[in-house]
1. Please give the FRET efficiency for ASN183 paired with PHE372, using the beta carbon to beta carbon distance and R0 = 56 Å, rounded to the nearest 0.05.
2. Report the calculated FRET efficiency for ALA393 and GLN254 (r = Cβ-Cβ distance, R0 = 51 Å), to the nearest 0.05.
3. Just the accessible area for GLU276, please: 1.4 Å probe, Å², rounded to the nearest 10?
4. Can you compute 3J(HN,Hα) from phi for each residue in the stretch 61-74, using the Karplus curve 6.51 cos²θ - 1.76 cosθ + 1.60 with θ = phi - 60°, rounded to whole Hz and x for Gly and Pro?
5. Out of residues 5 or more away from GLU237 or on other chains, whose amide H comes under 5 Å of its own, with H placed 1.01 Å from N in the peptide plane?
6. Taking R0 as 45 Å, what FRET efficiency do you get between ALA364 and ASP277 from their Cβ-Cβ distance, rounded to the nearest 0.05?
7. Please list, short to long, the whole-number percent of alpha-carbon pairs of the stretch 91-206 in consecutive 10 angstrom bins beginning at zero.
8. As an exercise, find the ratio Rg/Rh for the stretch 80-124 from alpha-carbon atoms, using the Kirkwood inverse-distance average for Rh.
Amino acid sequence: MIENIRLAFQGIWSHKMRSFLTMLGIIIGIASIIAIVSTIQGTNNALRDQLVGSGNNTVNVNLSQGGEIYQIYDSSSIPTGIPVISDDTRQRILALDNVEKMTSYTTRFVSDGVYYRDKSLSEFNIYGIDTDYFDTLGYSIKTGREFLPEDYEDFHRVIVVDQKASENLFQGASPLGRTVEINSQPFTVVGVVYKTSTYEPKINDLDDYYTNSDGSNGIFFMPKSTWPIVFQYDEPENVVIKATSTDEMTKAGQRTANILNEGITNKTSTVTYSAEDLLGIVKQQQELANASNLQLVWIAGISLLVGGIGVMNIMLVSVTERTNEIGLKKAIGARKGAILWQFLTEAAVLTSLGGTLGVAAGIAMSQLIHRFTGILVGINWPAALIAVLFSMAIGIVFGLLPSVQASNLDPIEALRRE
């Protein structure tokens, strides 16, 4: 086998131009497939990151009605029969084998009723959070402090703001110790938080902006125990869980929603808990992208067929050119199988070399596509390995007929030919 490979490389080197032109169909076909597959991989990764994020693994389990998130604007819109999440329910959720962390919160989008000094503020999100919220959602303290246990126990009127709210409210001044009125109730700012996650949504157009923007000027966080001081009522809560892995997000969210829905006492209510299925959305979009790109792969595969025919043609020419050599080898005792394997090996080496060059060209083409169009690409190394093996298989399949023809030559007739 090693001797056959050596002879194959010797033959390729002695006919460099002819060998390259023979491999060209294989190179173009493999390069096209690698470039297309890399584009598919990059697009799929971008879709996954755009919707799921990078390593966050959090799933929102929200109150919903008719497939839309249910918003509570005032006391009249509070749904009946949906209790505040109990410690027992919390422990059941945390006991799920695919849930790592869990937090519950209440929220409202406030268009007015918030004041700082003599300035009226609008379009802010207000969250009533528990002690696990910041850790689960990946927030860290930038300045000041987060909530202490006594803030919850003694109903302290304190708030923490995010960076966006701090900038919009205080115009670069330190917000610590300043008082903000929410529905005429004074709250003291004790901290500023920021997202520690390095993931940022990719904003490519206006639609992406509206998808990833919450439309607010920032967020106020208050201890959940002080929520009734401002809004007079205990309200149903939403939940965020952190799954043990990205692949477990859908299952963990569904199981959490099932547990929460068991506690709803108003069985006629159309408001229930549902988990966002980001992975399902990603999968649907990926399937749509893959369906169209698969057609391009088949088109690129035609060039592989053309390349295979070129290999068969050149191998037939090689058999004709080397008739005397074959006859001499058979005359001195070379077996039929040895001749067959020599030519099969030469065809396989030729196409494998073409496949390797095609992979390199495909990777280079992918990088050029990314540089000039901005389309994300991701090199799929298993696909590259399969492409090389497939090119080798093409050499064996299309080299079989010439190899059989060479092995069947009659040594006497072969030696007679000029």
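1. Values: r = 54 Å, r/R0 = 0.97.
Taking R0 as 56 Å, the efficiency between ASN183 and PHE372 is 0.55.
2. 0.75
3. Approximately 70 Å² for this residue.
4. 10, 10, 5, 9, 8, x, x, 10, 5, 7, 9, 9, 9, 7
5. Under 5 Å from the amide H of GLU237 lie the amide H atoms of ILE85, each far enough along the sequence or on another chain.
6. Working: r = 38 Å, r/R0 = 0.85.
The pair ALA364/ASP277 has a calculated efficiency of 0.75.
7. Per 10 Å bin, starting at 0, the Cα pair percentages come out as 11, 39, 33, 13, 3, 0.
8. On the way: Rg = 17.4 Å, Rh = 13.9 Å.
Rg divided by Rh gives 1.25.
The values are calculated or read from the model by the stated rules, or taken from the named source; none is laboratory data. Values in this document were obtained by computation on a predicted structure and should not be read as measured data. Reconstructed Cβ throughout: ideal geometry from the backbone, glycine too, with neighbour counts over all protein chains shown. Surface accessibility is based on the protein's heavy atoms, side chains included, excluding ligands, DNA and RNA. Shrake-Rupley method; radii C 1.70, N 1.55, O 1.52, S 1.80 Å.
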